[in-house]
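Throughout, read-outs are computed from the coordinates displayed, never taken from laboratory work. Predicted model, so just to flag it, every value in this text is computed and none were measured. Don't worry about glycine lacking a Cβ; one is built from the backbone with ideal geometry, like all the others, and counts go over all protein chains shown.
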Amino acid sequence: MGLKQIDHGSKEYQQMVTLRYEIMRKPLGLTFSAEELAKEKNDILIGAFDEDEMLGCCILSDMKNGCVRLRQMAVQKNMQGKGIGESIVTFAENLAYDKGYKTLTMHARDTAIGFYEKYGYKVKGERFIEINIPHHIMEKKLS
């Protein structure tokens, strides 16, 4: 498996949008708007690949003041629990750190809190609802 930064609008980006739709949006009856996807042009887009097939992905969005937000983390259903998510998180943290970010934050679905806690993320604040699902802000200092 290889991990790499991908370009907005590329063939890999189209795979990313498809994977995120299948894993995160379709089960909720949601889609992506053209505006949402256009905003990702300035984000750091990360994909995990086996040859040309995307196994997983995430997005890093600049939040200013040395903070970056991990968003849209998704791994193919049949590949979950095989270390791909861990590899993506580690790659994202290292890339963010190399780009000068000091803190990584996210809006984690409550069902994913245990996953992120294993890698040193801490829950911050109260539960909130986003896209009709309970979430918590989670954060980790990068070093």
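So here's what we get for this one:
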| read-out | value |
| --- | --- |
| Residue, surrounded by the most Cβ atoms within 10 Å (Cβ to Cβ), within the range 74-86, restricted to residues that are free of Cβ contacts under 8 Å to residues at least 40 places away in the same chain and in a helix (DSSP H, G or I) | G85 |
| Among (1) touching a Gly at 6+ places or on another chain (Cβ under 6 Å); (2) surrounded by 18 or more Cβ atoms within 10 Å (Cβ to Cβ); (3) more than 26 Å from I131 (Cα to Cα) - the single one A48 does not satisfy | (3) |
| Residues that are charged (D, E, K, R), under 16 Å from G66 (Cβ atoms) and either in contact with an Asp or Glu (Cβ under 6 Å, 6 or more places away or on another chain) or not in a loop (DSSP other than H, G, I, E, B) (or both), drawn from the range 89-123 | E93, D98 |
